[in-house]
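Chemist: Supplied in structure tokens, the structure appears directly below.
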Amino acid sequence: MDRTGRPADGADRARAASDLAHSFIVEAAAGTGKTTLLVERILNLIKTGKAQPEEIVAITFTERAAAELKARLQEKIGAETAKASGRAAEHLADALYGLERMPVTTIHAFCTSILKERPVEAGIDPNFAVADELMAGLISQETWDEWIARKMDSDNPVLRLALRVGITLEHMHELAVTISENRDVADLLPAEEASGPHISDFMKTLKTTAARLEKAGGFCHNPDDGALCLIEDLAKHAREVEAIRTEDRLHAYLFGTMGIPSVGRRGNAGNWASKDHLTEVRLELGALKEQHEKVRLLIAHNIIASLSRLLLDYVDSYTAAKASQGLLDFHDLLLSTRDLLKQHDHVRAYFTGRYRYLLVDEFQDTDPLQAEIIFYLAGAQDGRTDKWRESEASPGKLFLVGDPKQSIYRFRRADIEMYAAAKATLGNNRHLSIHQNFRCAESIIAAVNSIFEDLIKVPEEGNYQPEYVALDFGREHRP
Ligand SMILES: Nc1ncnc2c1ncn2[C@@H]1O[C@H](COP(=O)(O)OP(=O)(O)O)[C@@H](O)[C@H]1O
Ligand SMILES: [Mg+2]
């Protein structure tokens with residue numbers, strides 16, 4: 001036990017670093033030594049002769065983290081070489097020279113190397129270059145400016161309606177970029193629903209209800225009565241709608257211009273010939289409002305659905321613009337690699353054989369496509385995290401470390417449900433949890449614990465919030 005009364009995590013740390021026959025997912029907060037464990041595990045893989053540097057892949061989140069990791073490795077291997085003897089010393093000395101061959105890199109750079117090796121099967125230009133985020137952003141913006149100008153010039157009806165209901169060009173651009181960044185799941189975009197019959201039904205009901213209510217209004221003797229005013233508004237809408245000739249104007253009117261306020265307690269029974277008249281009017285207005293809301297929702301759904309589909313044409317233009325310059329953006333790298341591994345069994349077999357150990361730092365920031373690539377390389381037939389089984393041919397192949405609380409999920413589509421699936425797949429005894437923190441002072445840790453143990457809880461309805469794990473003060477244990 002440590003000072004805080006929690007069991008010390010030494011056993012889990014030791015397994016993470018030295019149990020090379022099993023895959024693990026190590027979960028822990030920042031500063032607890034996750035990256036250090038990853039370095040130690042690589043060191044042990046080398047020292048025991050289980051793998052050559054070029055057979056070990058270490059994936060980090062940024063280029064900078066990759067450089068740091070490589071430096072840590074170099075230092076550590078250097079220090080160990082001096083201490084080691086016999087075979088271990090030989091393995092370590094070889095590895096020190098071979099370290100350059102070890103892919104310690106971001107997932108994007110790693111995918112680039114895979115695609116450079118197999119461009120033909122991947123169906124891409126062998127001389128492709130990578131458009132970084134800045135360059136991709138410029139091409140995307142240029143493509144958008146041209147594309148939207150062209151659509152506006154041709155008076156595209158979908159755009160016209162979207163603009164009419166108040167969707168701005170900025171909104172459209174944002175939506176276009178979002179769709180482009182999620183183009184691998186474009187088939188999940190909503191489809192348009194048949195709206196014609198619903199709208200014509202509503203128009204009929206509107207006309208007859210407005211006429212009936214106007215008649216009923218004759219039983220009200222106070223022109224300022226709240227319910228009577230609603231009837232007059234409605235009659236006006238019914239007349240205006242009748243005069244509209246084009247479908248987009250009609251939809252824009254029904255969605256945006258026309259509103260039926262809640263009738264609630266409006267109107268005063270004293271103003272009406274009988275209380276029943278007012279009750280009837282309120283009921284009719286309420287029922288019509290309900291039907292109108294349904295029609296509005298349907299129109300909104302269809303505007304978004306048709307706009308999204310139109311924007312896929314922008315995505316095609318963006319793809320063509322990149323292709324004409326022989327460029328792939330970051331998302332293309334992931335998509336092409338995933339497809340390459342998915343569609344070509346021999347290519348997958350080649351890479352799964354070649355990379356015998358996969359270690360991923362900051363796994364919580366892995367998006368579903370990246371996870372798919374990692375699980376394909378780990379030997380999964382279908383890339384599904386939840387379907388992966390450690391095969392006898394590659395025991396201990398995966399080592400994932402992460403802090404589910406540090407994830408910038410929305411930022412890069414990282415998906416905590418995917419993270420939970422990966423965790424479940426590896427199994428309970430493959431899930432190591434460490435909690436001693438080596439970076440902060442004890443008072444900070446105590447404060448952090450007291451605030452977050454109440455705030456961070458797994459919600460009942462889903463897996464999107466990680467469980468709280470208290471931090472332990474570990475600085476004094478530092479060597
Ligand atoms: N077992 C340990 N004992 C003492 N200090 C450690 C231990 N493991 C890591 N550290 C130190 O803690 C700090 C954070 O380690 P790091 O591996 O970068 O954590 P993480 O990746 O979890 O953020 C580093 O300065 C590291 O040297
Ligand atoms: Mg780290």
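Chemist: Output yes when any residue across region 248-265 is touching a strand residue (DSSP E or B) at 6+ places or on another chain (Cβ under 7 Å), among the aliphatic types (A, V, I, L, M) and assigned to a helix (DSSP H, G or I), and no when none is. It would help to see each step written out before you state the result.
Modeler: Here is the first cut: in region 248-265, the residues touching a strand residue (DSSP E or B) at 6+ places or on another chain (Cβ under 7 Å) are none.
Looking for residues that are touching a strand residue (DSSP E or B) at 6+ places or on another chain (Cβ under 7 Å), among the aliphatic types (A, V, I, L, M) and assigned to a helix (DSSP H, G or I), one finds none in region 248-265, hence no.
Chemist: Enumerate the pairs (first residue in region 31-43 and within 12 Å of Asp403 (Cβ to Cβ); second residue anywhere and of a type in the set (Val, Ile, Thr) and in a helix (DSSP H, G or I)) with beta-carbon separation below 9 Å, excluding pairs fewer than 6 apart on the same chain, so at least 6 apart or on different chains.
Modeler: Final answer for the pair search is none.
Chemist: State yes or no: is Asp332 more than 16 Å from ligand 1 (Cβ to nearest atom), at pLDDT 85 or above and surrounded by 21 or more Cβ atoms within 10 Å (Cβ to Cβ)?
Modeler: yes
Chemist: For region 142-191, which residues satisfy the criterion of being farther than 17 Å from Gly256 by Cα and among the β-branched types (Val, Ile, Thr)?
Modeler: Thr143, Ile148, Val177, Thr178, Ile179, Val185
Chemist: Right, another one. Look through region 205-223, keep the residues that are within 14 Å of Leu278 (Cα to Cα) and among the charged types (D, E, K, R), and return whichever of them is farthest from the chain's Cα centre (by Cα).
Modeler: It comes out as Lys215.
Chemist: For region 320-328, check the following and say yes or no: at least one residue is among the polar types (S, T, N, Q), farther than 24 Å from Thr366 by Cβ and not in a helix (DSSP H, G or I).
Modeler: First, pick out the residues of region 320-328 that are among the polar types (S, T, N, Q): 324-325.
From what's left, farther than 24 Å from Thr366 by Cβ: 324-325.
Narrowing further to those that are not in a helix (DSSP H, G or I): 325.
Yes, region 320-328 has at least one match.
Chemist: Could you grab me the full set of residues in region 184-217 that are under 11 Å from Val295 (Cα atoms) and surrounded by 12 or more Cβ atoms within 10 Å (Cβ to Cβ)? I'd like the intermediate steps shown before the answer.
Modeler: Within region 184-217, the subset under 11 Å from Val295 (Cα atoms) is 195-203.
Of everything in region 184-217, those that are under 11 Å from Val295 (Cα atoms) and surrounded by 12 or more Cβ atoms within 10 Å (Cβ to Cβ) turn out to be Ser195, His198, Ile199, Asp201, Phe202, Met203.
Chemist: Within region 81-91, does at least one residue satisfy the condition of being in the same structural domain as Arg356 (by TED's automatic domain parsing), surrounded by fewer than 22 Cβ atoms within 10 Å (Cβ to Cβ), touching a Pro at 6+ places or on another chain (Cβ under 8 Å) and of a type in the set (A, V, I, L, M)?
Modeler: No, the conditions are met nowhere in region 81-91.
Chemist: Scan (1) surrounded by 15 or more Cβ atoms within 10 Å (Cβ to Cβ); (2) modelled with pLDDT of 95 or more; (3) under 26 Å from the mean Cα position of the chain (by Cα) for the single condition Phe128 breaks and write down its number.
Modeler: Here Phe128 clears every test but (3).
Chemist: Select from region 356-403 the residues that are of a type outside the set (Asp, Glu), touching a residue at least 60 places away in the same chain (Cβ under 8 Å) and within 16 Å of ligand 1 (Cβ to nearest atom) and list them in ascending order.
Modeler: Selection gives Leu359, Val360, Phe363, Thr366, Phe399, Leu400, Val401, Gly402.
Chemist: If only one of Asp345, Asp316 is more than 16 Å from ligand 2 (Cβ to nearest atom), farther than 30 Å from Lys70 by Cβ and in the same structural domain as Ile59 (by TED's automatic domain parsing), which one is it?
Modeler: Numbers: Asp316 fails: in the same structural domain as Ile59 (by TED's automatic domain parsing).
Going through Asp345, Asp316 in turn, the sole match is Asp345.
Chemist: Give all pairs with beta carbons closer than 7 Å in which a residue from region 282-310 that is under 18 Å from Ala235 (Cα atoms) meets a residue that is of a type in the set (S, T, N, Q) and not in a helix (DSSP H, G or I); count only pairs at least 6 apart in sequence or on separate chains.
Modeler: Final answer for the pair search is Lys289/Ser262.
For (1) of a type in the set (Val, Ile, Thr); (2) surrounded by fewer than 21 Cβ atoms within 10 Å (Cβ to Cβ), each residue gets a yes or a no:
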{"position": "Ala21", "(1), (2)": "no, yes"}
{"position": "Gly33", "(1), (2)": "no, no"}
{"position": "Leu45", "(1), (2)": "no, no"}
{"position": "Ile59", "(1), (2)": "yes, no"}
{"position": "Arg64", "(1), (2)": "no, yes"}
{"position": "Glu68", "(1), (2)": "no, yes"}
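Chemist: Tally the residues that are among the charged types (D, E, K, R) and modelled with pLDDT under 95, restricting the search to region 138-159. So that I can check it myself, show each step before the final result.
Modeler: Here is the first cut: in region 138-159, the ones among the charged types (D, E, K, R) are 142, 145-146, 150-151, 153, 155.
Those still in the list that are modelled with pLDDT under 95 too: 155.
Going through region 138-159 one residue at a time, the tally reaches 1.
Chemist: Do we find that Arg338 is more than 16 Å from ligand 2 (Cβ to nearest atom), in a helix (DSSP H, G or I) and more than 30 Å from Ala238 (Cβ to Cβ) in this structure?
Modeler: Judged against the criteria, Arg338 is a match.
Chemist: Go through the residues of region 240-251 one by one and say whether even a single one is modelled with pLDDT of 95 or more, of a type in the set (D, E, K, R) and either within 21 Å of Gly196 (Cα to Cα) or under 48 Å from the mean Cα position of the chain (by Cα) (or both).
Modeler: Yes, that holds for at least one residue.
Chemist: I need the full set of residues from region 187-224 which are not aliphatic (A, V, I, L, M) and not in a helix (DSSP H, G or I), in order please. If you could, list the steps in order and put the result at the bottom.
Modeler: The first filter runs over region 187-224 and keeps only residues not aliphatic (A, V, I, L, M), leaving 187, 190, 192-193, 195-198, 200-202, 204-205, 207-209, 212, 214-215, 217-224.
Pro190, Glu192, Glu193, Ser195, Gly218, Phe219, Cys220, His221, Asn222, Pro223, Asp224, listed by residue number.
Chemist: Filter region 369-387 for residues that are at pLDDT below 85, crowded, with 23+ Cβ neighbours inside 10 Å and touching a Leu at 6+ places or on another chain (Cβ under 9 Å) and give the result.
Modeler: Pass one, region 369-387, residues at pLDDT below 85: 380-387.
If we keep only those that are crowded, with 23+ Cβ neighbours inside 10 Å as well, we get 385.
Answer for region 369-387, where residues must be at pLDDT below 85, crowded, with 23+ Cβ neighbours inside 10 Å and touching a Leu at 6+ places or on another chain (Cβ under 9 Å): there is none.
The values are calculated or read from the model by the stated rules, or taken from the named source; none is laboratory data. Keep in mind that what you see is a predicted model, and the values were worked out from it rather than measured. Heads up, the Cβs are rebuilt from the backbone with ideal geometry, glycines too, and the neighbour counts pull from every protein chain shown.
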